[in-house]
Amino acid sequence: MLCYSFLKVIESIYQQYRIYVFTCIDNYLFCAYIHAKQKQPKTDVKMKYFYSKKTDKSFDDAIESITEFLKEEGFGVLTEIDVKETLKKKLDVDFKKYRILGACNPNFAHKALTSEDKIGVMLPCNVIVEEHEDGQVEVSAVDPVASMQAVENDELYPVAEEVQSRLQKVIEKL
């Protein structure tokens, strides 16, 4: 009974603190793997990885406006993917109007690439324009600061913060 009670105590410590616990009772070695800092509480809150705004503009007008606003902030659109058309052609499925614009600011891209040569896997910054079932058009842009949390390179944060600020301005102009 003592062993069972002790195991319950170790399990409780494990659940709360995630640290190693070793002890010996009646010539038996008990151990529980528990990780060095207190366990974070589970939450359903997800980090927002984009900025978004709905507009009264038509789908095509929103694409035209957002492209111009990106240009004003030093971004060019390197790629444009018509998801609706691509899905129809490749899978023969119908999909809402949905366009992905690959936006790039060459100065910031250069700074990021010289700080972290593999950062290219996260470039360019995607901006999407989508038309919902009710006809409402929404424009969203990636949050580069959220993206950079996966990369452990402090030199990237000032670049990501500046790009974040500019993309937020683009979205707010709609």
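Which residues, counting only those in the stretch 83-104, are surrounded by 11 or more Cβ atoms within 10 Å (Cβ to Cβ), more than 23 Å from Asp134 (Cβ to Cβ) and over 19 Å from the mean Cα position of the chain (by Cα)?
So the first thing to find is which residues in the stretch 83-104 are surrounded by 11 or more Cβ atoms within 10 Å (Cβ to Cβ), and the list is 83-88, 95-104.
After this cut, where a residue has to be more than 23 Å from Asp134 (Cβ to Cβ) as well, the list is 86, 102-104.
Across the stretch 83-104, the qualifying residue is only Thr86.
Return the residues of the stretch 153-170 that are farther than 20 Å from Ser65 by Cα and either in a strand (DSSP E or B) or out of contact with any Pro (no Cβ under 6 Å at 6 or more places or on another chain) (or both); say none if nothing qualifies. Give the derivation first.
Looking only at the stretch 153-170, we keep the residues that are farther than 20 Å from Ser65 by Cα, and these are 153-162.
Asn153, Asp154, Glu155, Leu156, Tyr157, Pro158, Val159, Glu161, Glu162, listed by residue number.
Of the residues Lys71, Lys57, which single one is under 30 Å from Glu161 (Cα atoms) and in a loop (DSSP other than H, G, I, E, B)?
Details: Lys71 fails: in a loop (DSSP other than H, G, I, E, B).
The match here is Lys57.
On the basis of being polar (S, T, N, Q), farther than 24 Å from Glu64 by Cβ and either touching a helix residue (DSSP H, G or I) at 6+ places or on another chain (Cβ under 6 Å) or not in a strand (DSSP E or B) (or both), does Thr86 make the cut?
Values: polar (S, T, N, Q): yes; farther than 24 Å from Glu64 by Cβ: no; either touching a helix residue (DSSP H, G or I) at 6+ places or on another chain (Cβ under 6 Å) or not in a strand (DSSP E or B) (or both): yes.
No: the conditions fail for Thr86.
Which residues, counting only those in the stretch 88-134, are under 28 Å from Glu161 (Cβ atoms) and acidic (Asp, Glu)? Walk me through how you get there before you give the answer.
To start, the set of residues in the stretch 88-134 that are under 28 Å from Glu161 (Cβ atoms) comprises 99-130.
The answer is Glu116, Asp117, Glu130.
For the stretch 131-152, what are the residues that are part of a strand (DSSP E or B) and either closer than 12 Å to Ile66 by Cβ or within 10 Å of the chain's Cα centre (by Cα) (or both)? First the steps, then the outcome.
Our first condition is that a residue be part of a strand (DSSP E or B); within the stretch 131-152, this holds for 131, 137-142.
Those that are part of a strand (DSSP E or B) and either closer than 12 Å to Ile66 by Cβ or within 10 Å of the chain's Cα centre (by Cα) (or both): Val137, Glu138, Val139, Ser140, Ala141, Val142.
Give the residues of the stretch 65-79 that are surrounded by fewer than 13 Cβ atoms within 10 Å (Cβ to Cβ) and either over 22 Å from the mean Cα position of the chain (by Cα) or without any contact (Cβ under 8 Å) to a residue 40 or more places away in the chain (or both), sorted by residue number. Can you show your working first?
Narrowing the stretch 65-79 to residues surrounded by fewer than 13 Cβ atoms within 10 Å (Cβ to Cβ): 68, 72, 79.
Listed by number, the residues that qualify are Glu68, Glu72.
Hey, could you check the stretch 143-159 for residues that are touching a helix residue (DSSP H, G or I) at 6+ places or on another chain (Cβ under 7 Å) and in contact (Cβ under 8 Å) with a residue 40 or more places away in the chain and say which is surrounded by the most Cβ atoms within 10 Å (Cβ to Cβ)?
Among them, the one singled out is Val159.
Would you call Thr55 modelled with pLDDT under 95 and either among the hydroxyl-bearing types (Ser, Thr, Tyr) or assigned by TED's automatic domain parsing to the domain that holds Val142 (or both)? If you could, list the steps in order and put the result at the bottom.
Details: modelled with pLDDT under 95: no; either among the hydroxyl-bearing types (Ser, Thr, Tyr) or assigned by TED's automatic domain parsing to the domain that holds Val142 (or both): yes.
No, not satisfied.
The values are calculated or read from the model by the stated rules, or taken from the named source; none is laboratory data. It should be emphasised that the depicted structure is a prediction, and the values quoted were computed from it without experimental measurement. Positions of Cβ are backbone-derived with ideal geometry, glycine not excepted, and every protein chain shown enters the neighbour counts.
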